[in-house]
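First the structure, in the form of structure tokens, and then the observations on it.
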Amino acid sequence: NRRKKKDDNILEIPSIPNPFPELCCSPFASVLSASLLPKATSRKKQVIKVYSEDDTSRALEVPSDITARDVCQLLILKNHYIDDHSWTLFEQLTQTGLERAIEDHELVMEVQSNWLMEEENKLYFRKNYAKYEFFKNPLSFFPDHMISFPSETDAAVSHSGVLQMFLSSSTYPEIHGFLHAKEQGKKSWKKLYFLLRRSGLYFSTKGTSKEPRHLQFFCEFSNSDMYMSLTGKKISGAPTNYGFCFKPNKSGGTRDLKQLCADDEQSRTCWMTAIRLLKYGMQLYQNYMQPYQGRSGCSPLNVTPMRSISENSLVAMDFSGHKSRIIENPTEALSVAVEEGLAWRRRGCLRLNSHGSPIAMSNMGMSIHRSQSWFHHKISREEAQRLILQHGLVDGVFLVRDSQSNPKTFVLSLSHGLKIKHFQIVPLEDDGKLFYTLDDGHTRFTDLIQLVEFYQLNKGVLPCKLKHYCARIAL
């Protein structure tokens with residue numbers, strides 16, 4: 001009875017009037033409340049593991065619809081790296097020795113969904129300077145002897161016109177040449193004449209004949225991914241080191257791989273670039289243009305690439321007067337740089353040891369290059385070539401390493417013209433002082449840092465300037 005009486009008293013309490021009745025009775029109340037509240041998201045999150053060149057790794061919790069470009073941007077921000085639009089996510093199939101650069105627009109979870117449980121595949125994060133280089137320098141990617149145009153097209157087509165044709169839906173240039181193909185279910189390789197057309201990849205059953213009755217279908221690309229072979233000779237007995245293959249999205253192992261092998265790097269680069277353009281078309285161009293969107297004067301295929309931060313920083317300044325000025329004369333800029341370097345070394349030539357007495361910096365000067373990102377210690381010639389290839393065979397990609405044949409010398413490994421060249425850095429002693437040179441003593445440097453800085457500004461005896469260095473980053 002007491003409880004019932006108490007409940008009756010509660011019910012008898014008059015209700016408090018609503019001070020804002022228009023919010024309750026208004027037909028827009030539901031719309032207003034929905035717009036004020038944060039939207040509930042249905043994006044599921046998953047954890048991915050990304051590796052760097054030194055095999056350090058980092059786990060990231062990301063949404064299921066994240067793209068490869070977004071993963072790169074996330075790692076750039078977390079590690080405070082400089083974004084020069086060359087960072088790339090790679091997929092490496094460890095058991096088959098295959099690797100490919102994941103396109104910026106691809107969904108990372110879709111890539112991982114094609115992995116089998118027993119496979120130990122990995123995602124790698126590193127720079128790839130050649131990712132969109134064909135938009136800037138198509139001449140190096142499509143040699144004249146490997147490309148032909150439809151009969152209705154004029155014979156004289158500029159290389160920018162070639163790119164326009166690749167991106168067009170109506171016409172498509174034909175890529176042709178010899179490739180080594182691994183016979184299905186066999187260990188042997190056969191050299192055949194291949195043709196790339198919009199409908200797919202074909203090979204000729206009769207020499208170099210292009211007649212339809214002699215062409216046999218080899219592969220199409222909508223349901224497969226293209227990989228570069230890292231260990232083709234070792235695993236599949238390829239005749240050269242320039243292998244690539246096609247792997248169906250939903251298959252595992254080597255039984256379904258369609259393996260090919262080119263005779264040189266230029267041929268492999270041409271085939272792989274043309275197939276990328278055939279498969280993705282305008283999407284690749286949109287990926288390339290995305291960093292430059294919003295800039296005035298951007299017209300298709302006539303975009304001046306944004307200069308990297310390393311290039312923008314190479315400006316000589318004079319701060320000796322009341323006002324700073326830019327030194328435009330290259331000779332004056334070089335002399336000022338040398339004087340500043342020598343002054344810096346004179347200021348640091350005496351340091352205090354633990355007992356407070358000065359010590360000579362000669363030993364430190366000989367090893368100061370070891371702290372530089374472009375210097376790699378005792379790595380072999382093959383390892384240096386692999387590192388440069390991973391970073392992309394763009395003119396100016398380089399590293400400096402210890403010489404394997406002569407322990408007292410160093411080697412500058414440099415990419416130029418889709419080839420990797422090696423130049424020996426020789427130490428010279430003159431009047432009790434040690435110098436380093438690339439040209440038999442004509443140009444001398446007090447240490448390797450000065451040498452690298454000089455050839456970043458001047459070509460000298462090298463085929464091109466030093467532009468991008470290979471560095472082992474740590475996540």
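The values are calculated or read from the model by the stated rules, or taken from the named source; none is laboratory data. Model, not experiment: these values are computed from the prediction. Here the Cβ positions follow ideal geometry from the backbone for every residue, glycine too, while neighbour counts run over all protein chains shown. To get the accessible areas, we keep the full protein, side chains included, count just its heavy atoms, and leave off ligands, DNA and RNA. Shrake-Rupley method; radii C 1.70, N 1.55, O 1.52, S 1.80 Å.
Got a sec? Which helices (runs of 4 or more DSSP H) wholly within the range 205-321 have at least 1 residues that are buried (at least 18 other Cβ atoms within 10 Å of the Cβ) and modelled with pLDDT of 90 or more?
265-280, 282-289
Evaluated against (1) closer than 17 Å to Q390 by Cα; (2) free of Cβ contacts under 8 Å to residues at least 40 places away in the same chain, G97 falls short on exactly one condition, (2).
Scanning the range 51-83 for residues that are loosely packed, with under 12 Cβ neighbours inside 10 Å, of a type in the set (D, E, K, R) and under 14 Å from the mean Cα position of the chain (by Cα) yields nothing.
Can you report the number of residues in the range 172-196 which are closer than 26 Å to I235 by Cβ and in a strand (DSSP E or B)?
Kept after step one, since they are closer than 26 Å to I235 by Cβ, are these residues of the range 172-196: 177-194, 196.
Adding the requirement that they be in a strand (DSSP E or B) leaves 177-182, 189-194, 196.
Residues flagged as closer than 26 Å to I235 by Cβ and in a strand (DSSP E or B) within the range 172-196 amount to 13.
If you filter the range 52-68 down to residues that are in contact with a Phe, Trp or Tyr (Cβ under 9 Å, 6 or more places away or on another chain) and among the charged types (D, E, K, R), you find that the one that is farthest from R126 (Cα to Cα) is R58. The residue that is modelled with the lowest pLDDT, counting only those in the range 113-169 that are assigned to a helix (DSSP H, G or I) and of a type in the set (S, T, N, Q), is S160.
Among the residues of this structure, L438 counts as one that is open to solvent by less than 40 Å² (accessible area, probe 1.4 Å) and touching a Gly at 6+ places or on another chain (Cβ under 9 Å). Candidates S415, S373: the one that is open to solvent by less than 10 Å² (accessible area, probe 1.4 Å) and under 17 Å from Y129 (Cα atoms) is S415. For the range 393-404, the criterion of a residue being buried (at least 16 other Cβ atoms within 10 Å of the Cβ), among the charged types (D, E, K, R) and touching a residue at least 40 places away in the same chain (Cβ under 8 Å) is satisfied by at least one position.
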